[in-house]
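Trainee: The structure that follows is given in the form of C-alpha coordinates.
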Amino acid sequence: MVSFLEFEKPIAELEARIVELRATASVGDINIDGEIATLEHRAAKMLAETYAKLTPWQKTQVARHAERPHFKDYVAGMFDNFMPLAGDRAFADDQAIIGGFATLGERKVMVIGHEKGDDTASRVRHNFGMAKPEGYRKAIRLMELADRFGLPVVTLVDTSGAFPGVQAEERGQAEAIARSTEACLKLGVPMVAAVVGEGGSGGAIALAAANRVLMFEHAVYSVISPEGCASILWRTADRASDAATAMQVTAQHLQKLGVIDRIVAEPVGGAHRDPVQAIASLGEAIEAELDSLDTLSAEALRTDRADKFLAIGV
(Lines give C-alpha, C1' and ligand atoms only; values in the text may rest on other atoms or scores of the structure.)
Protein backbone atom coordinates (compact mmCIF):
# COMPACT_ATOMS: atom_id res chain seq x y z
CA MET A 1 0.00 0.00 0.00
CA VAL A 2 1.22 3.48 -0.89
CA SER A 3 1.44 6.02 1.93
CA PHE A 4 -0.99 8.79 1.06
CA LEU A 5 -0.28 12.48 1.47
CA GLU A 6 -2.75 14.89 3.08
CA PHE A 7 -4.12 16.21 -0.20
CA GLU A 8 -4.69 12.62 -1.42
CA LYS A 9 -7.28 11.75 1.24
CA PRO A 10 -10.24 11.45 -1.20
CA ILE A 11 -8.16 9.04 -3.31
CA ALA A 12 -7.15 7.10 -0.21
CA GLU A 13 -10.79 6.69 0.81
CA LEU A 14 -11.72 5.36 -2.63
CA GLU A 15 -8.82 2.91 -2.71
CA ALA A 16 -9.63 1.73 0.82
CA ARG A 17 -13.19 1.02 -0.36
CA ILE A 18 -11.81 -0.95 -3.32
CA VAL A 19 -9.68 -3.06 -0.98
CA GLU A 20 -12.72 -3.76 1.21
CA LEU A 21 -14.81 -4.83 -1.78
CA ARG A 22 -12.06 -7.12 -3.05
CA ALA A 23 -11.84 -8.75 0.36
CA THR A 24 -15.61 -9.23 0.38
CA ALA A 25 -15.59 -10.69 -3.13
CA SER A 26 -12.86 -13.17 -2.22
CA VAL A 27 -14.88 -14.80 0.57
CA GLY A 28 -18.45 -14.45 -0.73
CA ASP A 29 -20.55 -15.61 -3.64
CA ILE A 30 -21.59 -12.08 -4.69
CA ASN A 31 -20.25 -10.82 -8.02
CA ILE A 32 -19.20 -7.21 -7.46
CA ASP A 33 -16.55 -6.99 -10.17
CA GLY A 34 -18.52 -4.26 -11.95
CA GLU A 35 -18.65 -2.07 -8.87
CA ILE A 36 -14.94 -2.60 -8.22
CA ALA A 37 -14.09 -1.70 -11.82
CA THR A 38 -16.18 1.48 -11.56
CA LEU A 39 -14.41 2.56 -8.37
CA GLU A 40 -11.00 1.75 -9.86
CA HIS A 41 -11.77 3.91 -12.87
CA ARG A 42 -12.95 6.73 -10.62
CA ALA A 43 -9.83 6.45 -8.42
CA ALA A 44 -7.50 6.49 -11.43
CA LYS A 45 -9.28 9.51 -12.89
CA MET A 46 -9.17 11.35 -9.54
CA LEU A 47 -5.46 10.57 -9.19
CA ALA A 48 -4.68 11.89 -12.69
CA GLU A 49 -6.76 15.03 -12.18
CA THR A 50 -5.18 15.72 -8.78
CA TYR A 51 -1.60 15.36 -10.03
CA ALA A 52 -2.31 17.45 -13.12
CA LYS A 53 -2.92 20.54 -10.96
CA LEU A 54 -0.60 20.20 -7.96
CA THR A 55 0.40 23.41 -6.20
CA PRO A 56 4.10 24.11 -5.58
CA TRP A 57 3.64 23.12 -1.92
CA GLN A 58 1.95 19.86 -2.88
CA LYS A 59 4.80 19.13 -5.29
CA THR A 60 7.19 19.73 -2.41
CA GLN A 61 5.37 17.09 -0.38
CA VAL A 62 5.52 14.65 -3.30
CA ALA A 63 9.24 15.34 -3.78
CA ARG A 64 9.79 14.46 -0.10
CA HIS A 65 7.67 11.30 -0.15
CA ALA A 66 9.50 8.60 1.80
CA GLU A 67 8.71 5.96 -0.83
CA ARG A 68 10.22 7.82 -3.79
CA PRO A 69 13.22 5.99 -5.30
CA HIS A 70 16.53 6.79 -3.63
CA PHE A 71 20.10 6.72 -4.92
CA LYS A 72 20.52 3.00 -4.23
CA ASP A 73 17.34 2.30 -6.23
CA TYR A 74 18.62 4.28 -9.23
CA VAL A 75 21.95 2.47 -9.06
CA ALA A 76 20.20 -0.91 -8.97
CA GLY A 77 17.69 -0.09 -11.71
CA MET A 78 19.63 2.16 -14.07
CA PHE A 79 23.32 1.27 -13.83
CA ASP A 80 25.41 -1.89 -14.10
CA ASN A 81 28.76 -2.81 -12.56
CA PHE A 82 28.57 -0.15 -9.84
CA MET A 83 31.82 0.05 -7.88
CA PRO A 84 31.47 2.41 -4.89
CA LEU A 85 34.45 4.56 -3.91
CA ALA A 86 34.66 5.81 -0.34
CA GLY A 87 36.32 8.60 1.61
CA ASP A 88 37.67 12.08 0.99
CA ARG A 89 41.29 11.10 1.78
CA ALA A 90 41.34 13.72 4.50
CA PHE A 91 38.80 13.13 7.27
CA ALA A 92 36.11 10.46 6.80
CA ASP A 93 33.61 8.78 4.50
CA ASP A 94 30.30 10.66 4.42
CA GLN A 95 27.44 8.29 3.61
CA ALA A 96 25.12 11.17 2.69
CA ILE A 97 26.90 11.26 -0.69
CA ILE A 98 27.70 8.02 -2.47
CA GLY A 99 29.56 7.58 -5.73
CA GLY A 100 31.61 5.31 -7.88
CA PHE A 101 32.26 3.83 -11.31
CA ALA A 102 29.28 2.37 -13.16
CA THR A 103 27.97 1.51 -16.62
CA LEU A 104 24.96 3.29 -18.11
CA GLY A 105 23.87 1.44 -21.23
CA GLU A 106 27.14 0.92 -23.13
CA ARG A 107 28.81 3.93 -21.54
CA LYS A 108 31.16 3.89 -18.55
CA VAL A 109 30.43 6.80 -16.17
CA MET A 110 31.10 8.17 -12.72
CA VAL A 111 27.81 8.36 -10.80
CA ILE A 112 27.51 10.47 -7.64
CA GLY A 113 24.44 11.29 -5.60
CA HIS A 114 22.72 11.96 -2.32
CA GLU A 115 21.27 9.04 -0.37
CA LYS A 116 18.56 9.82 2.20
CA GLY A 117 17.88 6.27 3.38
CA ASP A 118 14.54 4.49 3.46
CA ASP A 119 14.10 3.42 7.09
CA THR A 120 15.12 4.80 10.48
CA ALA A 121 18.49 3.07 10.65
CA SER A 122 19.53 3.93 7.09
CA ARG A 123 18.30 7.52 7.40
CA VAL A 124 20.49 8.01 10.44
CA ARG A 125 23.44 6.32 8.70
CA HIS A 126 23.05 8.55 5.64
CA ASN A 127 22.21 11.62 7.75
CA PHE A 128 18.96 12.10 5.78
CA GLY A 129 20.99 13.00 2.69
CA MET A 130 22.50 16.10 4.32
CA ALA A 131 26.19 15.99 3.49
CA LYS A 132 29.08 17.30 5.56
CA PRO A 133 32.28 18.80 4.11
CA GLU A 134 33.87 15.36 3.72
CA GLY A 135 30.94 14.35 1.51
CA TYR A 136 31.56 17.22 -0.90
CA ARG A 137 35.30 16.60 -0.80
CA LYS A 138 34.62 12.98 -1.71
CA ALA A 139 32.49 14.22 -4.63
CA ILE A 140 35.36 16.47 -5.75
CA ARG A 141 37.78 13.55 -5.60
CA LEU A 142 35.48 11.39 -7.72
CA MET A 143 34.85 14.14 -10.27
CA GLU A 144 38.59 14.71 -10.66
CA LEU A 145 39.08 10.96 -11.05
CA ALA A 146 36.41 10.88 -13.76
CA ASP A 147 38.11 13.80 -15.53
CA ARG A 148 41.44 12.00 -15.42
CA PHE A 149 40.01 8.86 -17.06
CA GLY A 150 37.69 10.69 -19.48
CA LEU A 151 34.46 9.40 -17.95
CA PRO A 152 31.20 11.38 -18.09
CA VAL A 153 29.80 12.39 -14.70
CA VAL A 154 26.18 11.72 -13.74
CA THR A 155 24.84 13.17 -10.49
CA LEU A 156 21.52 12.47 -8.76
CA VAL A 157 20.43 15.28 -6.45
CA ASP A 158 18.08 14.63 -3.54
CA THR A 159 18.79 16.65 -0.41
CA SER A 160 17.04 19.21 1.75
CA GLY A 161 20.42 20.94 2.01
CA ALA A 162 23.92 20.53 3.35
CA PHE A 163 24.24 19.54 7.02
CA PRO A 164 24.02 22.74 9.13
CA GLY A 165 25.73 21.40 12.28
CA VAL A 166 28.58 23.04 14.18
CA GLN A 167 31.03 20.26 13.27
CA ALA A 168 30.36 20.78 9.57
CA GLU A 169 30.98 24.51 9.90
CA GLU A 170 34.20 23.85 11.80
CA ARG A 171 35.43 21.62 8.99
CA GLY A 172 34.69 24.23 6.29
CA GLN A 173 31.22 23.47 4.97
CA ALA A 174 30.90 26.61 2.83
CA GLU A 175 34.36 26.18 1.33
CA ALA A 176 33.69 22.51 0.53
CA ILE A 177 30.43 23.38 -1.25
CA ALA A 178 32.13 26.14 -3.23
CA ARG A 179 35.00 23.83 -4.21
CA SER A 180 32.56 21.12 -5.28
CA THR A 181 30.63 23.62 -7.44
CA GLU A 182 33.94 24.76 -8.93
CA ALA A 183 34.93 21.14 -9.63
CA CYS A 184 31.70 20.67 -11.61
CA LEU A 185 32.38 23.77 -13.69
CA LYS A 186 36.01 22.78 -14.39
CA LEU A 187 35.27 19.28 -15.71
CA GLY A 188 36.56 18.53 -19.18
CA VAL A 189 34.08 15.65 -19.54
CA PRO A 190 30.29 15.78 -20.05
CA MET A 191 28.24 16.20 -16.88
CA VAL A 192 24.51 15.60 -16.48
CA ALA A 193 22.71 16.28 -13.19
CA ALA A 194 19.19 15.16 -12.30
CA VAL A 195 17.13 16.55 -9.44
CA VAL A 196 15.14 13.45 -8.49
CA GLY A 197 13.49 14.69 -5.28
CA GLU A 198 14.51 17.76 -3.32
CA GLY A 199 17.19 20.09 -4.59
CA GLY A 200 17.98 22.19 -1.56
CA SER A 201 20.34 25.18 -1.48
CA GLY A 202 24.11 24.86 -1.86
CA GLY A 203 23.85 21.23 -0.86
CA ALA A 204 22.23 20.63 -4.24
CA ILE A 205 24.12 23.01 -6.53
CA ALA A 206 27.42 21.50 -5.36
CA LEU A 207 26.49 18.44 -7.44
CA ALA A 208 24.37 20.16 -10.07
CA ALA A 209 26.54 22.75 -11.87
CA ALA A 210 26.31 20.54 -14.95
CA ASN A 211 26.09 20.90 -18.74
CA ARG A 212 22.53 19.62 -18.57
CA VAL A 213 20.26 19.77 -15.53
CA LEU A 214 17.21 17.51 -15.54
CA MET A 215 14.32 17.46 -13.08
CA PHE A 216 11.60 14.98 -12.39
CA GLU A 217 8.13 16.35 -13.03
CA HIS A 218 7.27 16.57 -9.33
CA ALA A 219 10.74 17.39 -7.95
CA VAL A 220 11.57 20.78 -6.41
CA TYR A 221 14.73 22.89 -6.51
CA SER A 222 15.31 26.07 -4.50
CA VAL A 223 17.81 28.16 -2.59
CA ILE A 224 16.04 27.45 0.71
CA SER A 225 13.22 25.22 1.90
CA PRO A 226 9.70 26.71 1.85
CA GLU A 227 9.58 26.39 5.64
CA GLY A 228 12.90 28.19 6.01
CA CYS A 229 11.81 30.97 3.67
CA ALA A 230 8.50 31.38 5.52
CA SER A 231 10.30 31.52 8.87
CA ILE A 232 12.51 34.35 7.62
CA LEU A 233 9.83 36.38 5.82
CA TRP A 234 6.82 35.85 8.06
CA ARG A 235 8.39 34.48 11.26
CA THR A 236 6.33 31.30 10.96
CA ALA A 237 6.76 28.04 9.04
CA ASP A 238 2.97 27.82 8.75
CA ARG A 239 3.16 29.90 5.56
CA ALA A 240 5.40 27.40 3.77
CA SER A 241 2.74 27.00 1.07
CA ASP A 242 2.88 30.74 0.29
CA ALA A 243 6.67 30.61 0.24
CA ALA A 244 6.74 27.64 -2.16
CA THR A 245 4.48 29.50 -4.56
CA ALA A 246 6.50 32.73 -4.35
CA MET A 247 9.86 30.98 -4.83
CA GLN A 248 8.73 29.11 -7.97
CA VAL A 249 10.35 25.85 -6.87
CA THR A 250 8.76 23.51 -9.42
CA ALA A 251 10.34 22.00 -12.51
CA GLN A 252 7.82 23.79 -14.69
CA HIS A 253 8.75 27.21 -13.27
CA LEU A 254 12.48 26.51 -13.36
CA GLN A 255 12.49 25.39 -16.97
CA LYS A 256 10.85 28.68 -17.98
CA LEU A 257 13.48 30.57 -15.96
CA GLY A 258 16.31 28.67 -17.67
CA VAL A 259 17.57 27.07 -14.45
CA ILE A 260 16.97 23.54 -15.73
CA ASP A 261 17.05 22.09 -19.23
CA ARG A 262 14.62 19.19 -19.27
CA ILE A 263 11.65 17.83 -17.33
CA VAL A 264 11.39 14.05 -17.00
CA ALA A 265 7.81 12.79 -16.77
CA GLU A 266 6.82 10.70 -13.76
CA PRO A 267 4.23 7.92 -13.61
CA VAL A 268 0.72 9.15 -12.78
CA GLY A 269 0.68 9.80 -9.04
CA GLY A 270 4.43 10.33 -8.70
CA ALA A 271 7.63 8.28 -8.99
CA HIS A 272 6.85 6.44 -5.75
CA ARG A 273 3.83 4.75 -7.36
CA ASP A 274 5.89 3.10 -10.11
CA PRO A 275 9.63 3.34 -9.34
CA VAL A 276 10.60 0.97 -12.15
CA GLN A 277 8.98 3.16 -14.81
CA ALA A 278 10.35 6.35 -13.24
CA ILE A 279 13.90 5.00 -13.14
CA ALA A 280 13.69 3.79 -16.74
CA SER A 281 12.43 7.18 -17.94
CA LEU A 282 15.24 9.00 -16.15
CA GLY A 283 17.86 6.61 -17.53
CA GLU A 284 16.67 7.22 -21.10
CA ALA A 285 16.73 11.00 -20.58
CA ILE A 286 20.25 10.97 -19.13
CA GLU A 287 21.57 8.80 -21.97
CA ALA A 288 20.00 11.13 -24.54
CA GLU A 289 21.67 14.17 -22.94
CA LEU A 290 25.05 12.42 -22.76
CA ASP A 291 24.71 11.49 -26.45
CA SER A 292 24.19 15.16 -27.30
CA LEU A 293 27.37 16.13 -25.43
CA ASP A 294 29.65 13.38 -26.76
CA THR A 295 31.10 15.38 -29.64
CA LEU A 296 32.09 18.45 -27.60
CA SER A 297 35.73 19.05 -26.68
CA ALA A 298 36.85 19.63 -23.09
CA GLU A 299 37.06 23.38 -23.65
CA ALA A 300 33.67 23.46 -25.36
CA LEU A 301 32.12 21.59 -22.42
CA ARG A 302 33.56 24.11 -19.93
CA THR A 303 32.37 27.03 -22.06
CA ASP A 304 28.92 25.47 -22.44
CA ARG A 305 28.64 25.08 -18.67
CA ALA A 306 29.82 28.61 -17.92
CA ASP A 307 27.52 30.17 -20.52
CA LYS A 308 24.55 28.22 -19.18
CA PHE A 309 24.91 29.46 -15.62
CA LEU A 310 25.93 33.02 -16.50
CA ALA A 311 22.80 33.34 -18.63
CA ILE A 312 20.43 32.54 -15.74
CA GLY A 313 18.55 35.68 -14.74
CA VAL A 314 19.75 37.76 -17.69
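Trainee: Given the protein chains as shown and a 1.4 Å probe, how many square angstrom of Glu175 are accessible, to the nearest 10?
Mentor: The accessible area of Glu175 comes to roughly 80 Å².
Trainee: Related question: Once the convex hull of the C-alpha atoms of the chain is built, how many Å³ does it hold per residue, rounded to a whole number?
Mentor: Per residue, the Cα convex hull of the chain comes to 152 Å³.
Trainee: On the Cα set of the range 142-288, report Rg and Dmax in Å, please.
Mentor: For the range 142-288, the Cα radius of gyration and maximum Cα-Cα distance read 16.2, 50 Å.
Trainee: I've got another one for you. Based only on Cα atoms, what Rg/Rh ratio does the range 201-314 have, Rh being taken as Kirkwood's radius?
Mentor: 1.03
Trainee: In the range 274-314, which residues have a backbone nitrogen under 20 Å from the label point lying 7 Å from Ala44's Cα in the Cα-to-Cβ direction?
Mentor: Residues 274-278 qualify, since their backbone N sits under 20 Å from the label point.
Trainee: Largest first and in whole Å, what are the equivalent-ellipsoid semi-axes of the range 1-94 based on the Cα gyration tensor, each being the root of 5 times an eigenvalue?
Mentor: 40, 19, 12
Trainee: A follow-up question, please. May I have the count of lysine pairs in the chain with C-alpha atoms under 15 Å apart, counting pairs 8 or more residues apart or located on different chains?
Mentor: 6
Trainee: Continuing with this model, one more query. Around Phe91, which amide H atoms from residues at least 5 apart in sequence, or from another chain, sit under 5 Å from its own amide H, with H modelled in the peptide plane?
Mentor: Under 5 Å from the amide H of Phe91 lies no amide H from a residue far enough along the sequence or on another chain.
Trainee: Quick one: accessible area per residue over the range 27-102, 1.4 Å probe, rounded to a whole number of Å²?
Mentor: 54
Trainee: With +1 assigned to the C-beta of every Lys and Arg and -1 to the C-beta of every Asp and Glu, and no other charges, what is the dipole magnitude of the chain about the Cα centre in debye, to the nearest 20?
Mentor: 800
Trainee: Next question, about the same structure. Give me the percent relative contact order of the chain, please, defined on Cα pairs under 8 angstrom at least 6 residues apart.
Mentor: Relative contact order comes out at 16 percent.
Trainee: Starting from a Cα-only point model with no solvent, please compute log10 I(q)/I(0) by Debye for the range 25-181 at q = 0.15, 0.16, 0.17, 0.20 1/Å.
Mentor: -0.86, -0.93, -1.01, -1.23
Trainee: May I pose another question? Rounded to the nearest 500, what is the chain's calculated 222 nm mean residue ellipticity when only DSSP H runs of at least 4 contribute -39500 (n - 2.57) each, over all residues? Show your work: numbers first, answer last.
Mentor: Numbers: 14 runs with 158 residues, N = 314.
Taking each H run of at least 4 residues, the total per residue is -15500 deg cm²/dmol.
Trainee: In percent, how large is the relative contact order of the range 47-124, given Cα pairs closer than 8 Å and 6 or more residues apart? Walk me through the numbers on the way to the answer.
Mentor: Values: 75 pairs, mean separation 19.3, N = 78.
Relative contact order of the range 47-124: 25 percent.
Trainee: Right, something else. Enumerate the whole-percent occupancy of each 10 Å bin, from 0 to the last occupied one, for all C-alpha pair distances of the range 73-149.
Mentor: Values per bin, smallest distances first: 21, 48, 28, 3.
Trainee: Then there is this: With an 8 Å Cα cut-off and a minimum separation of 6 or more residues, compute the relative contact order for the range 1-135 in percent. Spell out each step's value before the answer.
Mentor: On the way: 146 pairs, mean separation 24.1, N = 135.
Here the relative contact order equals 18 percent.
Trainee: So how far apart, in nm, are the two label points at Ser122 and Met83 if each is 7 Å from Cα heading toward Cβ?
Mentor: 2.4
Trainee: Over the chain, with a Gaussian network built from C-alpha contacts below 10 Å, which listed residue (Ala244, Ala210, Ala174) shows the highest mean-square fluctuation?
Mentor: So, out of Ala244, Ala210, Ala174, the one fluctuating most is Ala174.
Trainee: Shifting gears a bit: Quick query: amide H of Thr159 versus all other amide H atoms, modeled in the peptide plane; which residues come in under 5 Å with a sequence gap of 5 or more or a different chain?
Mentor: Result for Thr159 returns Glu198, Gly199, Gly200.
Trainee: Which longest run of the chain has no exposed loop site in it, a site being trypsin sites (Lys or Arg not before Pro) in a DSSP loop with at most 10 other beta carbons within 10 Å, and the site itself not part of the run?
Mentor: 90-234
Trainee: For the range 125-141, just list the computed ³J(HN,Hα) in residue order, Karplus coefficients 6.51, -1.76 and 1.60, θ = phi - 60°, integers in Hz, with x standing in for Gly and Pro.
Mentor: With coefficients 6.51, -1.76 and 1.60, one gets 4, 8, 6, 6, x, 9, 7, 9, x, 5, x, 6, 6, 5, 4, 4, 4 Hz.
Trainee: Tell me, what ³J(HN,Hα) does each residue in the range 178-184 have, in order and in whole Hz, if you take phi through Karplus 6.51 cos²θ - 1.76 cosθ + 1.60 with θ = phi - 60° and put x for Gly and Pro?
Mentor: Going residue by residue, I get 4, 5, 5, 4, 4, 4, 4 Hz, with x marking Gly and Pro.
Trainee: Mind checking which of Pro164, Gly135, Phe149 is farthest towards the positive end of the range 100-194's charge dipole, using Cβ charges of +1 (Lys, Arg) and -1 (Asp, Glu) about the Cα centre?
Mentor: The residue sitting farthest along the positive end of the dipole is Phe149.
Trainee: Ok, one more. In whole Hz, what ³J(HN,Hα) sequence does the range 234-246 give by Karplus (6.51, -1.76, 1.60; θ = phi - 60°), x for Gly and Pro?
Mentor: 10, 6, 7, 6, 5, 9, 4, 4, 5, 5, 4, 5, 5
Trainee: Report Rg(Cα)/(2.2 N^0.38 Å) for the range 191-234, keeping two decimals. Please list the in-between numbers first.
Mentor: Numbers: Rg = 11.6 Å, N = 44, 2.2 N^0.38 = 9.3 Å.
Taking N as the residue count of the range 191-234, the ratio is 1.25.
Trainee: Choose one of Phe7, His70, Thr24: the residue whose Cα lies farthest towards the positive end of the charge dipole of the chain (beta-carbon charges +1 Lys, Arg; -1 Asp, Glu; about the Cα centre).
Mentor: His70
Trainee: Between Val276 and Thr245, what is 0.36 nm times their sequence separation minus the Cα-Cα distance? Round to one decimal in nm.
Mentor: Full-extension gain reported as 8.1 nm.
The values are calculated or read from the model by the stated rules, or taken from the named source; none is laboratory data. No experiment lies behind these values; they were computed from the predicted model shown. When we count neighbours, we look across all protein chains shown, and the Cβ atoms used for this are built from the backbone with ideal geometry, even at glycine. Just so you know, the surface numbers come from the protein's heavy atoms only, side chains and all, with ligands and any DNA or RNA stripped out. Shrake-Rupley method; radii C 1.70, N 1.55, O 1.52, S 1.80 Å.
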